[in-house]
Each structure stands twice: as C-alpha cells, then as structure tokens.
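Worksheet: one structure, shown below.
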Amino acid sequence: MKLFLTGNSTLQPLARALAPYEVAVSDFNDYRAVLAGLRDSALTDQNAVLFLIDGMELAAENGFDTAATARAASEYSDACGLFAAAHPSLIVIASTFRLPSFSPRSFGEVIDPLGMAAIEGEVLNKIATASRQNDNLYVFDLGRLIGHFGERAAYNSGMRFFARFGFSAKFSQALTDHLKSLLSAILLRSKKVLALDFDNTLWGGVVGEVGAHGIELSQEGRGRAYRQFQFLVHQLSQRGIILVGLSKNNEGDADEVFEKNDMMVLKREHFSQRFVNWKEKPRNLESAMESLNLGLDSVVFIDDNPVERKLMRDMLPDVQVPEFPESPELLPDWFRETIIPQYFPAYRLTVEDLQKTQQYRANADRSVLKEKLSLTEFVGSLEIDLKFLVNKADHAVRFSQMTQKTNQFNLTTRRYSVIEITSMIASDRYDVLGMEYSDRFGREGIVGLAILDGDTGELDTFLMSCRVIGRGVEDELMRMIERLAAGRGHSELRAVFLPTKKNIVSKDFLSSQGFAGVEDDKEDGQRYRKVIHVETEDHRACNARTEAATWPSHQ
Amino acid sequence: METLEQWDSIAHINICLAIQNEFNVDMSIDEISDCTSISALAAMLEKKRAS
C-alpha cells in the first residue's frame, strides 16, 4: 500500500514511523497544489493521499488573524470533498486540525462566529459531510487527537521553529499509531471476535467464592469501572463484534450472575457462545471458533490472569492476547483508547455489521433445529428466501467488504475496493451479483457474491459467507450466474479455483456443481468449464441489468 | 555527524526527535541547532540531567 503525504508543515519525520506503508512526501507546504489537482502526475501509482494540517501553522501563516484563518480553513475543507470526487480511485484521508487554544482575541474568541473554535467546528462538519457522500474520503480527526493528548504535550516549539515540524516526539508516535489504525479500519482489518474471561475481567472477585451478589460490579468505585467496561463491550457487540465467554467456573455460579445480578450490562444473549467449565481455555476457544466458522486469527482474548494469557499465546499463537491493565479503574480507558483502535478499528459500518450478533444467535437457534431433523428436512424447514441483486451500486460497500473479508468459501480470493466494485458495476463488461438471504429465523443480509466477466464468460469471483453454507443456497447463486452468462450468449461458463491457506473448504465446489477440470499449463490454480443451457425466458429476465430478482427456493 | 555523507536536514530532525523521545526531554531551538556532533549531544544531555 502506497501513501502520499502532504500538508502545511514538514512531514518527513512521520514517514518512517508509518512503515510498512510505503510513504512518499510532497514538497513542503504543497497541499493546496495537490488539492487543486496540479500534482496528479505524482499520484498515479499511489493508493492513498493524506492531507495533514497543522492548525498552529495554519493560524501562524495567516498572521493569527481569525478571518484569514477561517478563509484558508474553508478553502481546505471545500477542496477535500471536490478532490475526493475527482479522484475516485484514490483513498483520500483529510485531517481536521487544532487551532491554538489561546489567541489575541482572548476569551471572546469562543463566541466569535469566525473564532478558532467555530472554524474547527466548520471544518469538521464540511469534511465529515463530504466523507458521507464520497466512499473514498475518510476523515482523520487530528484535532480531536490533539485534544486527547493535550495541546501543550502535542506541540513542540523547538522543532517547530527549527524545522517547521511542530509535533512533539511523543505525539508524533501517537499520531502515526492512530493513523495506522485508521488505515486498518479503511482496509477492513478489524478482528471479528472478542473472547472474554469473567472473574476479575467482567467483574471484580471470584464468583465461586463471593457469590453472585458479592462480586464487584456496581455504581461505585471499582465496581463502577467494571460496569463501564461492560458498557463498552456491549457497544462493541452492537457494532457486530462477536462475544465469546471463557470462564473457569461452575456453570451454575456464572449463570447466577447473569440471571440475578442486575448490575450486569452484558446478558447471556449478547454472547454467541459461553464456555463455563474447567477445561483449558484454548480448547474451548477452538471449538467456539469451529462452530462460528471463523479462523483463530480473528480473535482477541482478554483475561486478567497472566497464566491464562500465556497458555493461550503458547497453544494458539494466532489469537491476539493483549496485556491486561494493572488496576481495574484503568479498564474502561484502556479498552477504548488501546484495544478498540488496535484490534477493532472501523470506519463505515454496513447493515450486516450491525446485525451480526443477532445473526449468529439465529444460527445457534438453527443448529438446535438441525440436530432434530435430517439435512434435507432441515433445509426445507428453514423457509429460505433469496433475493438476487444484479449490478446494484448501492451495495458496493458491502460487496467490497465481502471480497476483503471472505477467506474460506472463496474460489479466487480476489480483493476489491469499493471503487473497483463500483466501476465493475458501471461497466458493461461485468455482472456483479449479490445474494440476500433470509429465513424464518431472521435476515442474514447479503451473504453471497459472484462476479461474471461477461466478455470471457469467466467467473471472476464466487464467494459465500460461511454462515449460510450447507443450505443449498450456493447452488442457487451458481444457477443465477449461469443464467447471466447464458443471457450474454455464452454456452460455456469458465471458472478457476485459486488455492490459498484458507479456502480448502471450497476446493471441490466446482466439480460438485458439474464443472469439468481443464488441463492447463498455468500453475496458479485449477481451471474448470461447464456447458450451460438456459431457456429463453430467463435470458430476458436476467438481461434487465438493474432489476432485482426474487428467487424463493426449497419450498 | 555533519561530516557523514548521509547527513542531511531530515537526519538532523530525526535524531533530535529520537533523543527527545528516548530521554524524555524537550530541546530548545538552540540546542537543536547545536546538535551536530555526538559530543555536543552528550554535553547537552549531561547538562539537562544536571539541572
């Protein structure tokens, strides 16, 4: 990933700390020229551009005059939106900034409609609005980060006047860390699962010793810190992070806390799985992840006990195991400031993210039903309803997210940005087919994606969320893509399986769908082809490129 | 350090930032300007430690 850095101060000192991103730095104070499109030739092989504005320099450049500063700020924030719209294939990151807290206008500054506070507010408002409108524009809230760090501590006058580099050494570190988290959010690198210990993690004390009402969890003191930690975990689960409980306890003791202690914020239903027993936690976590169909590298494990943390690191090195704060009052801040940015960074959330916990719960309900019925009966009894979305640009964010996140049931593992998906949808060459799933237990949202290269009749992408596999819906997605290919006049559908470490599960899928392997001298994957026949009526239905089709199945 | 071929203004800034971070000190503009040799650096840190 290549990042181009520009702004109104010296920026080279930040470049090294941004490794492994490859960073190019613009000429000094050249951001206006970049925004005006005068430096586009330098951007051709860049993936992202960051506009980093030092508010102290901005105010100084404008003679600490609020009206002049307001004009410069307004030009900057207007230009960010226009620049992003004009460069749809670039990730554009625009920073807010912090203007000096103390200025010649003195205390009246705060009520001045052109004062420093008002300017900061307007800049944030403008670039946030532009970010909502442009999927490739992201706000880096530098102003707020400086507020968090402290203006005194964030700025350094010696460096500022020696080299026009105004950030202190410590703050430079915080800034680059924060920026790397934002980049992880943009690249959808959030972990998916939070595994939590109970005793001395969710509450103070050991429930087996002090009882469900003796634990520290309250509106006061340390108990309040645990409660606030629970609020934060709850909010994270609302955002779609899956919770798994891992506690060495008698099940009855833990159950009593969840049922009877009304200070508990987290309820049983917020956990997709809970393992309360005396087995080794790594073993429990492995079975949890197996039934969730997720890899161990998508888990963060939080436990106050260093022995448990070490065991987890030793036995399951893919699991992320952060250290735990030394004292419970540090728990909420630690979780907000360190754990969430580092492991669960997010920017745009999709409807599917927000419904995830509910979806995993519904899956648990389905598996109860599955145990009672044969597979065919089970699938029939689900009352599955599929809706196909053909070339629907509204869903580009979700489609891109699926190409980025789906590892297992994914034939080609080609990752696409929102921008690439949008341009495929807009082009005549590709058909981008999404599949929305719902059944009697709930809506899963868009869970399948297939992309057909209409020119070559080749399946560019075929992937499914593992949540819905084994219900025959992958067959329906394949039927639909065959119809689209036939609609474009192809009598043969071609496909390729590109093996990765994680997609072994989909290795035999194409053969099971009636594809025949093709001998090929290319070594990167196995090629397949299948003869397709489609009735004429279907051609017409599928050729309506923007129509969504509903396809009830298994009824 | 000024006699080194790789020495430039960016190296100068990077070294001063690293020192401020590592030794948890603030450097004034004069201290930064003077910081062009290992002995000057050591003297500056010694002086800061004493005060």
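The values are calculated or read from the model by the stated rules, or taken from the named source; none is laboratory data. All values derive from a computational prediction rather than experimental measurement. Backbone-built Cβ (ideal geometry, glycine too); neighbour counts: all protein chains shown.
Being surrounded by fewer than 16 Cβ atoms within 10 Å (Cβ to Cβ), more than 30 Å from A:Arg467 (Cβ to Cβ) and charged (D, E, K, R) is the filter here; which residues of the range A:293-343 pass it? A:Lys310, A:Asp314, A:Glu323, A:Glu326, A:Glu329, A:Asp333, A:Glu337 - these are the residues of the range A:293-343 that are surrounded by fewer than 16 Cβ atoms within 10 Å (Cβ to Cβ), more than 30 Å from A:Arg467 (Cβ to Cβ) and charged (D, E, K, R). If the condition is being at pLDDT 90 or above and assigned to a loop (DSSP other than H, G, I, E, B), then the range A:400-426 contributes A:Phe409, A:Leu411, A:Thr412, A:Thr413, A:Arg414, A:Arg415, A:Tyr416. When restricted to residues that are crowded, with 18+ Cβ neighbours inside 10 Å and in a helix (DSSP H, G or I), the range A:198-209 contains 1.
Can you tell me which of A:Thr176, A:Thr129 is touching a residue at least 60 places away in the same chain (Cβ under 8 Å), over 23 Å from A:Ser103 (Cβ atoms) and of a type outside the set (A, V, I, L, M)?
Details: A:Thr129 fails: touching a residue at least 60 places away in the same chain (Cβ under 8 Å).
That would be A:Thr176, the only listed residue that is touching a residue at least 60 places away in the same chain (Cβ under 8 Å), over 23 Å from A:Ser103 (Cβ atoms) and of a type outside the set (A, V, I, L, M).
If only residues of the range A:156-184 that are within 12 Å of another protein chain (Cβ to nearest Cβ) and of a type in the set (S, T, N, Q) are counted, the one that is farthest from the chain's Cα centre (by Cα) is A:Ser157. Across the range A:200-229, the number of residues qualifying as free of Cβ contacts under 8 Å to residues at least 60 places away in the same chain and either over 11 Å from A:Asn261 (Cβ atoms) or in contact with a His (Cβ under 7 Å, 6 or more places away or on another chain) (or both) comes to 9. Restricting the range A:100-130 to residues that are surrounded by fewer than 23 Cβ atoms within 10 Å (Cβ to Cβ) and among the aliphatic types (A, V, I, L, M), the residue that is farthest from A:Arg152 (Cα to Cα) is A:Ala130. Selection of the range A:280-320 for residues being closer than 18 Å to A:Thr201 by Cβ, in a loop (DSSP other than H, G, I, E, B) and either without any contact (Cβ under 8 Å) to a residue 24 or more places away in the chain or of a type in the set (Val, Ile, Thr) (or both) yields only A:Val319.
Filter the strands (runs of 3 or more DSSP E) completely within the range A:427-520 down to those with at least 2 residues that are under 26 Å from A:Leu294 (Cβ atoms). So that I can check it myself, show each step before the final result.
Details: elements: A:430-439, A:442-453, A:458-464, A:492-497, A:516-518.
Filter on the range A:427-520 gives A:430-439, A:442-453, A:458-464, A:492-497.
All of A:Ala195, A:Ala225, A:Ala212 fail the test of being in a loop (DSSP other than H, G, I, E, B) and under 29 Å from A:Tyr360 (Cα atoms), apart from A:Ala212.
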